[in-house]
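The values are calculated or read from the model by the stated rules, or taken from the named source; none is laboratory data. Predicted model only: the values in this text are computed from it and were never measured. Virtual Cβ from ideal backbone geometry, glycine too; neighbours counted across all protein chains shown.
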Amino acid sequence: MLSSSPTMAILPKRPCHPSYETFKTYEADLSGTPSRAKLQRLEQGILLEGKPTAPARVKILSQKKHSTKVAITIHEGRKHQVKKMFAAIGHPVNHLKRIAYGKLELQTLATGQFKRLSPTEINLIFAKKS
């Protein structure tokens, strides 16, 4: 079972364990507009609570006057990691939604909803790093 809620995902521990480096992609609505230099800090890895993060992939999806929507892909799974990363560069997260787990895209799955995965979808989760 896979849910859009980070606390509702029920999967075998194998793809969830950090050593497997399963990529998770999130859509984040940020306060303000981060500069390219600030986003590059995330792409290179930053210190969070005294420990370096692995490099992230960050893409700006849209910008408004006082907010920015980005997609960020990480393979670590520290508690509230994405929120802490953006707070560290001065752009707190207003809303966060997981949009992909491994190569499996959540598409239109609403918050709190879940679906049974087909064998093909399960294989996407267990697929090697992208």
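State whether one or more residues within the range 6-15 are of a type outside the set (Phe, Trp, Tyr), exposed (fewer than 15 other Cβ atoms within 10 Å of the Cβ), modelled with pLDDT under 80 and farther than 16 Å from residue 125 by Cβ. Yes - at least one qualifying residue is present in the range 6-15.
Within this structure, residue 43 passes the test of being charged (D, E, K, R) and at negative phi.
All of 108, 22, 53 fail the test of being polar (S, T, N, Q) and farther than 24 Å from residue 121 by Cα, apart from 53.
Residues of the range 22-41 that are at pLDDT below 95 and among the charged types (D, E, K, R): 24 alone. For the range 18-75, how many residues are touching a residue at least 60 places away in the same chain (Cβ under 8 Å) and under 13 Å from the mean Cα position of the chain (by Cα)? The qualifying residues number 9.
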